[in-house]
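Below is one structure, written out as structure tokens; comments come after it.
The values are calculated or read from the model by the stated rules, or taken from the named source; none is laboratory data. If you're wondering where the values come from, they're calculated on a predicted model, not measured in any experiment. As a convention, Cβ positions derive from the backbone with ideal geometry for all residues, glycine included, and neighbour counts pool all protein chains shown. These area figures cover heavy atoms from the full protein model, side chains too; ligands, DNA and RNA do not enter into them. Shrake-Rupley method; radii C 1.70, N 1.55, O 1.52, S 1.80 Å.
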Amino acid sequence: MKAFTKRTYGGPEVLQLEEVEMPTVKDHSILVKVMANSANPADWHILRGKPFFARLSFGLFKPKEPILGSDFAGIIKEIGNGVKDFKVGDHVFGEMLGGGAFAEYACVPTEVCAKIPEHIDFPIMASIPVAGLTAYQALITHGKIKAGESVLINGASGGVGHFAVQLAKAYGAKVTAVCSLRNTDFVRSLGADKIIAYDKTNIHQYKDNYDLVIDTHGNLTHSDYKRMGKRGVMVGFTTMKHMFSVLMSNAISKFPLTQFTAQANSDDLNILASLVQEGKIKIHLENTYPYTKIPEAITFIEQMRTRGKVAMVWEI
């Protein structure tokens, strides 16, 4: 089968489209014919081996997993022993955070998969797992948002942010979104009640107060969280120095601030799939690439100016 491999750390130029061995289906797993992927910042962080401490998980001197990629959607071709809730032919989507998704076939544990609703395209569903789960768990699992509460979402136009705005609205929250001036119309179309353009208003001096502050961009300081929120969730970070600065400040503070990495699970994926089916979440695809241009897709999202998501298609 064809797959994009990385034999060394580096930029998108180190990715090679190669013929590799087909994965063997394992117990409690499914073999999926991949129809679409999406690209995430996590992919290029893993590709470059940055931040460096992440190499303790992904390989110190060279990548442990040669095939890049997390998000996928496709068709089940084989099921392993112990699989009960899926059958051959089912359309599924899910996440392989350890890699292996940028390939024609992937062997995936059923616990990180869910079925695709009828009549929803593969590229749409492939764009949900990493970004959608991160937004959902930031708001619901860790942010504990309730109907009627107010939430500030910093970085509202990107992959995670554009999910977060829609999810917050779906759960009855009042949303103030922070984005660039050029993205205000886009973010307004997602349902934001109020928009702050960071290139016109200095968010580090902004004084309104919210029940929950979510930072998907990663540039809020600890004092920003305390000034603007009753509680906070830190999703992204611009630099390791900045992240440690926020977490060190929080270690000596009583402010309820959570920093987390999203965990894939079927329950949350099923909830997201239902919200898509009900029309409460609409995925915005800024670009869709053929699989042969996966390195180009990684280059595009690495510029950190993507509205919504970028998908890559293996078959049309």
Distance between region 133-169 and region 207-281 - C-alpha centres, whole angstrom: 8 Å
Inter-site label distance for Lys293 and Lys50 at 7 Å from Cα along Cβ, in nm: 2.5 nm
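How many percent of Cα pairs in region 131-259 exceed 25 Å? Walk me through the numbers before you get to the answer.
Working: 1143 of 8256 pairs.
Counting pairs separated by more than 25 Å, the tail of P(r) holds 14 percent.
Quick one, can you get me the convex hull of the C-alpha atoms of region 61-133 expressed as volume per residue in Å³? Could the numbers behind the result be given before it?
Details: hull volume 7.6 nm³, N = 73.
So the per-residue Cα hull volume is 105 Å³.
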Pull up all non-local amide H partners of Gly218: gap of 5 or more, or a different chain, and H-to-H distance under 5 Å with H placed in the peptide plane. Gly236
If R0 is 22 Å, what FRET efficiency do you get for Ala147 and Lys282 from their C-beta distance, rounded to 0.05? 0.60
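Evaluated at 37 °C with a viscosity of 0.692 mPa s, what Stokes-Einstein diffusion coefficient in µm²/s does the chain have when Rh comes from the Kirkwood expression over alpha-carbon pairs?
Working: Rh = 19.9 Å.
Translational D for this selection: 165 µm²/s.
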Please identify every one of the trypsin sites (Lys or Arg not before Pro) in region 213-293 that sits in a loop by DSSP and has no more than 10 other beta carbons within 10 Å of its own beta carbon. Lys254
Region 1-152 - Rg (one decimal) and Dmax (whole number), Cα, Å: 16.6, 53
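For region 131-259, with all protein chains present and a 1.4 Å probe, just round the carbon and sulfur fraction of the accessible area to a whole percent. List each step's numbers first, then the result.
Numbers: 2990 of 5540 Å².
Roughly 54 percent, rounded to a whole number.
Over the chain, average the accessible area per residue using a 1.4 Å probe and give it in Å², no decimals. Don't skip to the end; give the middle numbers.
Values: 14420 Å² over 316 residues.
With the other protein chains kept in place, the chain gives 46 Å² per residue.
Over the chain, calculate the relative contact order: mean separation of alpha carbon pairs under 8 Å at least 6 apart, over the residue count, as a percent. Show your work: numbers first, answer last.
Values: 714 pairs, mean separation 59.9, N = 316.
Relative contact order for the chain comes out at 19 percent.
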Förster radius 22 Å - calculated FRET efficiency between His28 and Lys77, Cβ distance, rounded to 0.05: 0.85
List the lysines whose Cα sits under 27 Å from the Cα of Lys144, skipping any in the same chain fewer than 8 residues away. Lys115, Lys169, Lys174, Lys194, Lys207, Lys226, Lys230, Lys254, Lys280, Lys282, Lys309
Would you please put 163-171, 122-130 in order of how densely packed they are, using the mean number of other Cβ atoms within 10 angstrom per residue and starting with the highest? 122-130, 163-171
Lys2-Ala197 FRET efficiency (beta carbon distance; Förster radius 41 Å; 0.05 resolution): 0.45
Short to long, in 10 Å steps from zero, the percent of alpha-carbon pairs of region 236-314 per bin is 14, 25, 35, 22, 4
